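The values are calculated or read from the model by the stated rules, or taken from the named source; none is laboratory data. Predicted, not measured: the structure shown is a model, and the values here were computed from it. Cβ sites come from the backbone with ideal geometry, for glycine too, and all protein chains shown count toward neighbours. Side chains included, ligands, DNA and RNA excluded: accessible areas come from the protein's heavy atoms. Shrake-Rupley method; radii C 1.70, N 1.55, O 1.52, S 1.80 Å.
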Amino acid sequence: MPAKDTNTVADLWAPDGTAAFPFAAGTSPRPLRGREEVRTYLPHCPEPMDLQEVAALTLRPTDHTDTVVVEWTAVGRTVATSRPYRLDHTVVLTGRDGLIAPFRDHRSPLSAAAAAGGLTALIDSVEIDSVDGKGA
């Protein structure tokens, strides 16, 4: 992702692999189903946040041989403001045949929105969802 080669990243997904964001709210990403939805989503990731480095990466094995917990820290610049950001992620990743099947990114939507310069938009979208009865 620091190289912005989103097609190569999407190719890591199984054709029916998923990407989920369990703490998503408002304008946060919704679950992606299949490699092609991941491929469509990924090119928009660098728009709000210019990821420049993975500053920390820790792999934690689980009781399931095909699943690992990945803790990583993204460091870069917010495109809208040019201000630096640091965003921690905890991902539960399951592999199948050498490809990503389920991928669950447990990042904070508030931290991600702040890093992207869109905290106000996130809060507004959550408030609109609450008024519409859709919830967050």
> Is it the case that Val38 is over 18 Å from Pro109 (Cα atoms) and touching a Phe, Trp or Tyr at 6+ places or on another chain (Cβ under 8 Å)?
Replying inline: yes
> What residue, of Ala136, Ala121, is part of a helix (DSSP H, G or I), modelled with pLDDT under 75, surrounded by fewer than 16 Cβ atoms within 10 Å (Cβ to Cβ) and among the small types (Gly, Ala, Ser)?
Replying inline: Ala121
> Does at least one position in segment 17-39 carry a residue that is in contact (Cβ under 8 Å) with a residue 40 or more places away in the chain, more than 20 Å from Ala112 (Cβ to Cβ) and touching a Lys or Arg at 6+ places or on another chain (Cβ under 8 Å)?
Replying inline: yes
> Ala24 versus (1) at pLDDT below 85; (2) part of a helix (DSSP H, G or I); (3) not charged (D, E, K, R): which is the lone unmet condition?
Replying inline: (2)
>> If I ask for residues that are open to solvent by 40 Å² or more (accessible area, probe 1.4 Å) and closer than 23 Å to Val75 by Cβ, which ones from segment 24-55 would you list?
In response: Thr27, Tyr41, Pro43, His44, Glu47, Pro48, Asp50, Gln52, Glu53, Val54, Ala55
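Determine, yes or no, whether Arg104 is out of contact with any strand residue (DSSP E or B) (no Cβ under 7 Å at 6 or more places or on another chain), within 20 Å of Leu12 (Cα to Cα) and at pLDDT 85 or above.
no
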>> Testing Gly98 on (1) on the phi < 0 side of the Ramachandran plot; (2) out of contact with any strand residue (DSSP E or B) (no Cβ under 8 Å at 6 or more places or on another chain), one condition comes back false. Which one is that?
In response: (1)
> Could you list, in sequence order, the residues of segment 71-99 that are open to solvent by 20 Å² or more (accessible area, probe 1.4 Å), under 14 Å from the mean Cα position of the chain (by Cα) and either of a type outside the set (Ser, Thr, Tyr) or farther than 22 Å from Leu32 by Cβ (or both)?
Replying inline: Glu71, Trp72, Val75, Arg86, Asp88, Val92, Leu93
